[in-house]
1. Cut-off 10 angstrom, C-alpha nodes, Gaussian network model of chain A. Which of A:85, A:313, A:130 fluctuates the most?
2. For B:34, A:109, B:87, what ranking results if the residue with the fewest other Cβ atoms within 10 Å of its Cβ goes first?
3. Count charges around residue B:44 for me, please; just the other residues with Cβ under 11 Å from its Cβ, Lys/Arg as +1, Asp/Glu as -1.
4. Kindly write out, for the range B:378-392 in residue order, the coupling ³J(HN,Hα) from the Karplus curve 6.51 cos²θ - 1.76 cosθ + 1.60 (θ = phi - 60°), rounded to whole Hz, with x marking Gly and Pro.
5. Using the structure shown, select from B:249/B:379; B:269/B:359; B:89/B:189; B:68/B:181; B:89/B:136; B:66/B:300 the pairs with a Cα to Cα distance greater than 30 angstrom.
6. Distance between Cα centroids, the range B:39-72 to the range B:319-392: provide it in whole Å.
7. For the range A:113-194, rounded, prolate or oblate, judged on the Cα gyration tensor with a ≥ b ≥ c (square roots of eigenvalues), a/c < 1.5 rounded, else prolate if a/b > b/c?
8. In terms of modelled amide H atoms, which long-range or inter-chain residues lie less than 5 Å from the amide H of residue B:202?
Amino acid sequence: MIIGNYKQTYASDEAVFRTPTVRWWMAALGIAVIAFPFVAGDYLLYLANLIGVLALAALGLNVLIGFTGQVSLGHAAFMGVGAYATAILATRLGAPFWISVPAGGLAACGAGMVVGVPSLRIKGLYLAIATVAAQVIFEWVFTNWTPVTGGIRGINVPPARILGVPLADDLRLYFLIQGVVAVHYLLASNLRRSRWGRAFVAVRDRDIAAEIVGVNIFQTKILAFMVSSYYAGVAGGLWVYFMKVVTPENFPLSLSIQYLAIVVVGGLGSIPGTILGTVFMTLVPEWLKLGTGLAGAAWPDAGSYLFPLRDVAFGSLIVVFLIFEPHGLIEMWNRLKRFFALWPFEK
Amino acid sequence: MIGRKSAAILLVALSTALPPPARGAEDVITIGACQPITGRFAFAGVNLNAAFQDFVAYANEKGLVKGKKLVYVFEDSGYDTDRALACFKRLMAQYSPAIMYGESTGLGKAIAPELTSRYKVLYGSASFSSELADPKTHPYSFVSGPTYSDQFGILLEYIARNKGAARPKVAFFYSDTEFGKDPIAFGRKRAAELGIDLVAEIVTKVGAVDVTSEVLQLKKTQPDYVIFQGYVLAPIPEVIRAARDFGLKSRFMGTFWSMDRTVIDKLGKDADGYMGVNAYAYYYEDSAPGIAAMRAYNQKVHPDEKYRPSSYIQGWFTGMVYVEAINRVLAAKKPVTGDNLAAALDSIKDWDTGGVTGKVTFVDHKAGVGRVYRANTEKGQFEPASDWIYVK
């Protein structure tokens, strides 16, 4: 049983993974992530990749909403900007993925910078509406700038290649996607502890107080938008190689809302919470689907009625658990950890 | 404590995730389907799924596939490409069907690379997209009838055949979606070839309710015909009503998804003269033995169902195509694989479907046949305004 955590150096105080137990668990997680594709079938592998891409975009949104307190309902559009930039570079210029994906991130970053400008003057719901406007504008551009975006039919993208080997199936893509997610996860964790990360939190908690202590609010907010949309852009780039096609209908407002839900359900401002939120929001509907599928097999006539019930169940589940655990899944996770930290000596 | 409870919930959820043991036997042919039973396409998905369930049961009962039993497995895909892909992969992993059915154009495009390189199964879908009817890029996919371009071709052909002394004037009225824009380029070209003047193109959002400015544009250009594309219902009734209020004489036409009885129900008397193309006959038509058999089976199994919409007929017809392709493969004593099924599909020529649709010939993995129907508001039904029209 761990009763304390004594640190003797600044380095140990600054470490991301602070205790040997955490390091062991992270190593075990790393091995599990590497071994997973060799034991999982196509279906689970696909879900793992989907979770990876969604989690990456959601991480970006958590930087903006969770860290900095700026609401955005245009996150899907930034993902779209990244996806289109990647697709265009990959098809028109034949750029390899290690150029096109970061370039997609940068393109989205630029878009985020522009969209973030109103955040200096407006806050809360007003900013949310301004970002919805961005969502609508970008969707319109994807649909109607046909010479560049391929219009409504979109762009078909060839698979990414590493040393001439095409990453055409989910197994090969898995390592690319999870690798990129792992790097960006660490970046976000570290960002939080940096000067900028603390500035984000200061702006979120009380912007006037932050300004008094010398935080440049405008720069900080714009930077949060840029980082957030960079994440979305990279996620969009990966998404393109994952789906192999990009069309304007892939980035609707409902996807932006889904990201918001992921961040809230996972735990605002929590990096591991975002991952948990993505897993929850992706897997629970699938499990409910399997459940209703089995029930439907038992009562074939009821199958068609059971499926819509699934959405009702999923919606209710989110509401119920936001009521009982408003701090998100990460808080549940922390409770579980605390329980086992004292187990079996707790009452 | 919530932690323990949530762990218990997770365990229960995990245990439901375990797949049931896979069925597999030599004499069983599995058809898998990702049906949009929920989501914004549910209005059709529920019927498509019912049609597949019924048709597979019907085919087994009548022994339509000699010595083999058809098994239909389906899952809801919610009209969402991410979920539909997950559904596709799960069904493939669990049942390895020889034939799959998918919900949308989006799924058709997203699954295409893996369908060609890995899965290699015959793939039908609810989509009439021209893009999927291309054997070069989609060798295993087919369209269950005429593509939207073909449907425009059929309507324009009808207009050209029934023109008076003056050149007919046409307007295209379509939504700002893939579904809406699909046949427009072809429509422009075909109209020019047939000597029809395209006087206006109006693009709107789906469901746009305020249509005054669009109808004013129609009033300015005075087209003889207005063809809708990319809508299921709204804003078609609103446009027709507003056009009647403005005293417009134009005839309004729709394509497959806007040719169900709901349009007449919604418009009542105002639907008088509304026309459009349907790929299949209607459920109530007496002249078609194929439809009569479908009705008889429904009366036996679902005595309460008095009407089945066009999406049901589409599902039933797609089932018929599957059975026809399977029988051709079995007759050639070949194994039922995606490659053989796709080749069998290409060999279908002048196939008599018992009046469910016209004579079917698959060219470029689509059947370019349809018929123009006109609304009869007295009966609340669509009635044939032409014979089956064939296009290439």
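1. A:313
2. A:109, B:87, B:34
3. -1
4. 4, 8, x, 9, 8, 10, x, 10, 8, 7, 5, 10, 9, 10, 9
5. Details: B:249/B:379 23 Å; B:269/B:359 34 Å; B:89/B:189 39 Å; B:68/B:181 42 Å; B:89/B:136 23 Å; B:66/B:300 23 Å.
Cα-Cα > 30 Å for B:269/B:359; B:89/B:189; B:68/B:181; rest within.
6. The distance from the Cα centre of the range B:39-72 to that of the range B:319-392 comes to 16 Å.
7. Oblate shape, in that a/c is at least 1.5 and b/c is the bigger or equal ratio.
8. B:172, B:173, B:174
Where a number appears in this text, it was derived from the coordinates with a stated rule and is not lab data. Remember, it's a predicted structure, so these values are computed and weren't measured experimentally. In this analysis, Cβ positions are derived from the backbone assuming ideal geometry, glycine residues included, and neighbour counts consider all displayed protein chains.
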